[in-house]
Each structure stands twice: as structure tokens, then as C-alpha cells.
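Step one of this worksheet: look at the structure below.
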Amino acid sequence: MVAELRERGIGFTSLHENLDTTTPGGRLVFHVFAALAEFIRELIVIGTNEGLAAARERGRVGGRPSVATEEVIRAARDLLPDPGRSITSIAKLLGVSPGTLYNHIPDLRELRAGAVPRQLEAPTR
């Protein structure tokens, strides 16, 4: 962004760091700060990736545990064809969000319509 401003003849002055890119010294300090910031960011990324790899080697898995267990999905599949229940009410009953049901049941709309899901249909000849 600062390079674009410079091409248009506009300088950048940071009052907090007492930095003025309209002078050669100010541009030098600005670029040194930018290079240091990029270097530190790369060190953080490398350290994070190394930490995640070490945790995986110890058998740790990151992220939030899934609430969509086999039992929850099975119960949802059983309740979905019932036209008297909304997806929201089914999700609330099972203690999950409607989005969880949509994410873990790819044929949810077909089940909802009472149709036989594609993977369960008998092959036609």
C-alpha cells in the first residue's frame, strides 16, 4: 500500500513511530520494520507447525471434539422423515445445531422429503 502511495507521490508519516517515508532514512527504517515483521511472522508459523507436528506424533488431535456421534446421526436419520418435526427441533432434541445435521448428513434433504437416499436405492436394470 505504501509503495502505491509513493508511486502517486503521496508520503506516509507515522506519528507514533516518528517515521516519514518521504525521506530516504524514513523509507529505510520502514522497510527494516516490514522485513522484521515478516521474519517474526514466519518464525511464528514455523513454530506453530512444529508444535502441531509434535502433538500429532504424541497422538493429540487439535480442534474441538465433534458432537456428531454415530448415535446422534442415527437418531437424526430416524427422526428426519417425520413431517411433524422440524430440522431445528430435531437438532435441539439431540443437543446439536441444525448446521451440524446439515454437515454430517449429506442426504438430509432427501430424508426430509421421505425419499429413499440415493446410496440406499436398489440398482435399476
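To the nearest 20 debye, what is the magnitude of the charge dipole of the chain about its Cα centre, counting +1 on the Cβ of each Lys and Arg and -1 on the Cβ of each Asp and Glu? Write out the running numbers ahead of the final one.
Values: 16 positive and 15 negative charges, 91 e Å.
Once rounded to the nearest 20, the dipole reads 440 debye.
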Find, among the trypsin sites (Lys or Arg not before Pro) in the stretch 1-49, those assigned to loop by DSSP (not H, G, I, E, B) with at most 11 other beta-carbon atoms within 10 angstrom.
ARG8
The chain: C-alpha pair distances exceeding 17 Å, %
73 percent
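We did not get these values from a lab; they are worked out from the coordinates using the rules stated. Not measured: the values here are computed from a predicted model. Counting neighbours? That spans all protein chains shown, and the Cβs are built from the backbone with ideal geometry, glycine included.
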